[in-house]
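Just so you know, all these numbers are worked out from the coordinates, no wet-lab data involved. Only a predicted model underlies this, so the values are computations on that prediction, with no experimental measurement involved. No Cβ is skipped: glycine too gets one built from the backbone with ideal geometry, and neighbour counts run over all protein chains shown.
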Amino acid sequence: MRGIAGVGLCVLSVTLSLSPLAAQAPTATAQTKLVIKVPEPDSELYIEGRPTKTTGVNREFETPNLEAGKTYEYDFKVSWRPNNYTVLTRTRSVQFQAGDSITVDLTKDVGTEKAIIRYVPTPNDIVDKMIALAKLKKDDVTFELGCGDARISVAAVKAGAKKAVGIDLDPERIEEAKATVKAAGVTDRVEIRKGDALDVKDLSEASVVFLYMGNEFNALVRPTLWKQLQPGSRVVSHRFTMGDWKPDQTIKVTGEDGDQYELHIWTVTDAVKKMGK
Ligand SMILES: C[S@@+](CC[C@H](N)C(=O)[O-])C[C@H]1O[C@@H](n2cnc3c(N)ncnc32)[C@H](O)[C@@H]1O
């Protein structure tokens, strides 16, 4: 373990064993100055998997002494919380030559952004409103991205959809979802999958997508919805919107708990699909 002192810059403790090349006895060495731009002053930044301590939107570091003339690759990860229910993460691998000065801009998504949303279930009476808004038909295949305990997916097949797929990345939710499906006696028509809903490859199978995930997640999944869903498919979202893709309809309902709820529905059309191109 060998840390290094930054020269008038923030200190980054990085072991030389991070890179196989760095383990060789260097004949001449050079440090690389890193400027990392992050989305928020309090974003958490990891370099080569190690947490860093400084704050601000521009963070400066120096690498340890590296072998002059050699190429290195460092992994950067930033995560931040745009609200109290969403964690966004971006990653980047950057190659540089020892002695370079490099800037790594993590303020823009280059296709690596991930979103994790906290579990808050949709109340059952609001689930019923979402199902009614979707106007399910017997050939519909529904996908619930971030399914929690799968109450919407179960309600979808009970309302007549042919099949429902619920996806969640939290193992605890997956267990709950499987239990809900079993208790409802619909294991033959509801599939529960563990995984990141932003990595779903077969969304083209869906004719209805249910969401209760946050504006940030919706913005990330929107290009996939436009690309993969067939014209005529519907997207139904509890509360959260889709940026400048305006819903066909928004309804406001008062729940049995007395709270106000907003539900939105969009229909994918040929024109909508072209918006993604
Ligand atoms: C707000 S809850 C909604 C649950 C359910 N759809 C409902 O309306 O009752 C969000 C759910 O999405 C899951 N989740 C969050 N981020 C996810 C992601 N990137 N991929 C898959 N599931 C995710 C959480 O574990 C949680 O169960």
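Build a GNM of the chain with springs between Cα atoms under 10 Å: which of Ala179, Ala206, Ala134 gets the top mean-square fluctuation? Sorting by GNM fluctuation, first place goes to Ala179. With the biggest extent put first, the Cα atoms of the chain measure 72, 38, 36 Å across the principal axes.
3J(HN,Hα) along segment 197-208: 5, 7, 9, 5, 9, 10, 5, 5, 6, 7, 10, 9 Hz, from the Karplus curve 6.51 cos²θ - 1.76 cosθ + 1.60 with θ = phi - 60°, whole Hz, x for Gly and Pro.
Taking Lys and Arg as +1 and Asp and Glu as -1, the other residues whose beta-carbon sits under 12 Å from that of Glu44 total +4. Highest mean first, the peptides 241-249, 84-92, 32-40 sorted by other C-beta atoms within 10 Å per residue fall in the order 32-40, 84-92, 241-249.
Counting only DSSP beta bridges with both residues in the chain, the antiparallel share comes to about 65 percent. Considering only Thr267, Thr250, Thr103, the mean-square fluctuation computed in a Gaussian network model of the chain, springs between alpha carbons under 10 angstrom, is largest for Thr103. Here the 3J(HN,Hα) profile of segment 108-114, calculated from phi with Karplus coefficients 6.51, -1.76 and 1.60 at θ = phi - 60°, is 10, 6, 10, x, 10, 6, 10 Hz, Gly and Pro shown as x. Based on DSSP H segments of at least four residues, each scored -39500 (n - 2.57), the chain has a per-residue ellipticity at 222 nm of -5500 deg cm²/dmol.
Work through the residues other than Pro82 whose Cβ is under 14 Å from its Cβ and net out their charges, Lys, Arg +1 and Asp, Glu -1.
Surrounding charge for Pro82 is -2.
For segment 70-213, the residue among Ala177, Tyr72, Ala155 whose Cα projects farthest onto the positive side of the dipole built from Cβ charges is Ala155. Determine the percent antiparallel among the DSSP beta bridges restricted to segment 118-275, to the nearest 5. Antiparallel: roughly 40 percent of the beta bridges in segment 118-275. Remark: Leu45, Leu106, Leu198 ranked as Leu198, Leu45, Leu106, counting other beta-carbon atoms within 10 Å and listing the fewest first.
Loop only by DSSP, 11 or fewer other Cβ within 10 Å of the Cβ. Give me the trypsin sites (Lys or Arg not before Pro) in segment 174-255 that pass, ordered by residue number. List each step's numbers first, then the result.
Numbers: sites: Lys178, Lys182, Arg189, Arg193, Lys194, Lys201, Lys227, Arg234, Arg239, Lys252; in loops: Arg189, Lys201, Arg239.
Listed in order of number, the matching sites are Lys201.
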